[in-house]
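To keep things clear, I will list the structure first and then write my remarks on it.
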Amino acid sequence: MGQASLGVPRMGRNWISVAAAQPASLAGQLRVNVEAHADCVRRLGARPVVFPELSLTGYELAADPIDEACEAIEPLVAACAETGAMALAGAPVADRTSGRRIFAMLFSGRGAWVVYEKAHLGEVENGRLMRGPGAKTIVQGRRVGLGICKDTGVSDHIAATAALGVDLFAAGLVHHPKELEDQDRRGAAIARACAACRSAGALLRLAQAYSPVELEEACATAAAIASPTRAPSEAIRKAVN
């Protein structure tokens, strides 16, 4: 369990306080798991505290689904209310129209909401669960891009989320310790994609101030720094042509 403050230079020096927490999740013990989540929130008080995939039930694909009105999750809402914190926790939720999915739920002192559906399923999940529609953000003072586990290793999902102009990419994962090297690679890929999109966005806003030659040079510089695929340069050309 850890915490970090990330500087975001927008309208002065502002900060996002982010915590990653991994309490023990016991199969079939929703109330116990919720209390463990609430304890983490009280100790960390971040906005947001990010928990692993299916953290409220444990990684149990057959676990009973929950919803925003479930009485058992009220202690986590109360912990957020006491501390002013927010939390992103994972749970299975049954959609009446399209079946069971893996969700991320956002908790605050005002309640709980389903905010994201896992878009890319693991091998054991295919055929048992439904996929979500894809890239999505929530805005809680800052724009937060979302993912769940395998989503963070799919380049199309990373690119689509980064293109939404995120300040933070938050994802709950379930992996073995031996897979930490892979997680580091995924984190680096996400950081590069978000940096590339930010460079492209900044250049788009300033495009009218450049001559065509200056614009091309600026694009080439941004692309060299932020993206080996030269995505910012391509985005600028499409916008100004």
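Before moving on, here are some points about what is shown:
- In plain terms, the residue of Val124, Val34 with the fewest other Cβ atoms within 10 Å comes first and the most crowded comes last, giving Val124, Val34.
- Karplus-based coupling profile of the range 32-45, in residue order and whole Hz: 5, 5, 4, 5, 5, 4, 4, 5, 4, 4, 5, 6, 9, x, with θ = phi - 60° in 6.51 cos²θ - 1.76 cosθ + 1.60 and x standing for Gly or Pro.
- Leu54 long-range amide H proximity, modeled H, under 5 Å: Gly90, Ala91
- Interchain or long-range residues, amide H under 5 Å from Phe169's placed H: Gly145
- Model label zone, Leu26; criterion: amide N under 12 Å from point 7 Å along Cα-to-beta-carbon; scope the range 36-61: 36
- Close amide H pairs (under 5 Å, H built 1.01 Å from N) link Tyr116 with Ala104, residues at least 5 positions away or on another chain.
- When only alpha carbons are used to place a centre, the range 31-76 and the range 127-188 end up 19 Å from one another.
- Karplus 3J(HN,Hα) series, Hz, for the range 102-119 with 6.51 cos²θ - 1.76 cosθ + 1.60 (x for Gly, Pro): 9, 10, 9, 10, 9, 10, 9, x, 9, x, 9, 9, 6, 10, 7, 10, 4, 9
- Note, ³J(HN,Hα) from phi for the range 158-170, Karplus 6.51, -1.76, 1.60, rounded to Hz, x at Gly and Pro: 4, 5, 5, 6, 4, 5, 7, x, 7, 8, 8, 10, 10
- Approximate spin-label separation Glu35-Lys178, in nm, with each point projected 7 Å along Cα-to-Cβ: 3.5 nm
- In the frame of its principal axes, the range 68-195 has Cα extents of 38, 35, 30 Å, reported largest first.
- The GluC sites (Glu not before Pro) of the range 15-96 that meet both conditions, a loop assignment by DSSP and at most 13 other Cβ atoms within 10 Å of the site Cβ, are Glu60.
No lab work stands behind these numbers, since they all come straight from the coordinates. It should be emphasised that the depicted structure is a prediction, and the values quoted were computed from it without experimental measurement. Using ideal geometry, Cβ is built from the backbone for each residue, glycine included, and neighbour counts are taken over all protein chains shown.
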